[in-house]
Amino acid sequence: MEGLRLEAGGVALVDGVSLALRRGEVLGLVGTSGGGKSLTTLALLGLLPRGVRRVAGVLRLDGAVLDAAAQAALRGRRIGFVQQAPRGGFNPLVTLGRHFRETLACDGLRGAAATARAEALLREVGFDAPARLLPLYPGQLSGGMLQRAMLALALARAPDFLLADEPTTDLDLIVQAQILSLLEGLVARRRLGLLLVTHDLSVVARLADRVAVMLGGRLVEEQEVRGFFDAPRHPHSRALLAAHLALYGEALPA
Ligand SMILES: Nc1ncnc2c1ncn2[C@@H]1O[C@H](COP(=O)(O)OP(=O)(O)OP(=O)(O)O)[C@@H](O)[C@H]1O
Ligand SMILES: [Mg+2]
């Protein structure tokens, strides 16, 4: 994405943001609340909320410029999305199995083949007995289980890129750690390019190859992860690190 500018009612919410995501690499996107991380992520997916418009910015995949139709065609297929609150990503009235069937039908997979694929995906995200999950409704699964199921759905069409907006924020620490290991493994095994939006600098230290910092709708710093922790350039980056150290008291493993 080059030179992204988003406006609502003539006011710029995001301006001049350029980001590159490469396969096999994790880009951590951090910054204080309201900085524009979620809107930038939604703009990459072509899923901006009503009232927010992209007034500038060029999106390219492998060098080719994507218009709105091309972008929509990639969504779910080459670019997967994992939201913060997993419950909001499911229809409470239909089973997990049906969520998978609908997604897999996009690629013409049906019947026993679809079931087998759904079970393989659920196994990949750590479920030992996936067949037992498929008849369940979202309300019958815990938040951590739903987040793993959402990840499995996001992977169903074998995307090259995954955009994850605070995927662990609503989960307890043990489940957070499980999801992070899972993401780490997926990036390595599937050579995914992962955009990971997070408030948690320990997550960045653990997973990210590069870090981008947003403040007031602008990108104020971008560099590789070790440099970010050793020598953050922007005052806002230093403030984020200082706040993290004040909370956790320890130097971060960069
Ligand atoms: N639908 C909308 N209409 C108008 N303004 C919006 C809309 N959604 C977000 N904004 C504004 O855009 C700015 C960026 O919001 P965004 O949600 O992208 O921030 P964020 O960095 O994801 O914050 P957080 O860390 O709290 O999730 C904020 O000022 C927000 O109020
Ligand atoms: Mg957000």
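Readers should treat all values here as calculations from the given coordinates under stated rules, not as data from a laboratory. Small disclaimer: the values here were computed from a predicted structure and weren't measured. FYI the Cβ positions are ideal-geometry reconstructions off the backbone, even for glycines, and counts take in every protein chain you see.
Among (1) over 25 Å from ASP170 (Cα atoms); (2) surrounded by fewer than 19 Cβ atoms within 10 Å (Cβ to Cβ); (3) touching a residue at least 60 places away in the same chain (Cβ under 8 Å), there is one condition VAL17 misses while meeting the rest; what is its number?
(2)
I'm trying to understand the selection: among the residues of region 18-50, which are aliphatic (A, V, I, L, M) and away from ligand 2 (no atom under 16 Å from the Cβ)?
Answer for region 18-50, where residues must be aliphatic (A, V, I, L, M) and away from ligand 2 (no atom under 16 Å from the Cβ): ALA20, LEU21, VAL26.
For ALA177, all conditions in the list (1) in contact (Cβ under 8 Å) with a residue 12 or more places away in the chain; (2) part of a helix (DSSP H, G or I); (3) not basic (Lys, Arg) hold save one; what is the number of the exception?
(1)
When you check LEU59 against the structure, is it more than 30 Å from VAL175 (Cβ to Cβ), in contact with a strand residue (DSSP E or B) (Cβ under 8 Å, 6 or more places away or on another chain) and crowded, with 18+ Cβ neighbours inside 10 Å, yes or no? Show your work before the answer.
Numbers: more than 30 Å from VAL175 (Cβ to Cβ): yes; in contact with a strand residue (DSSP E or B) (Cβ under 8 Å, 6 or more places away or on another chain): yes; crowded, with 18+ Cβ neighbours inside 10 Å: yes.
Yes; evaluated as a whole, the condition is true for this residue.
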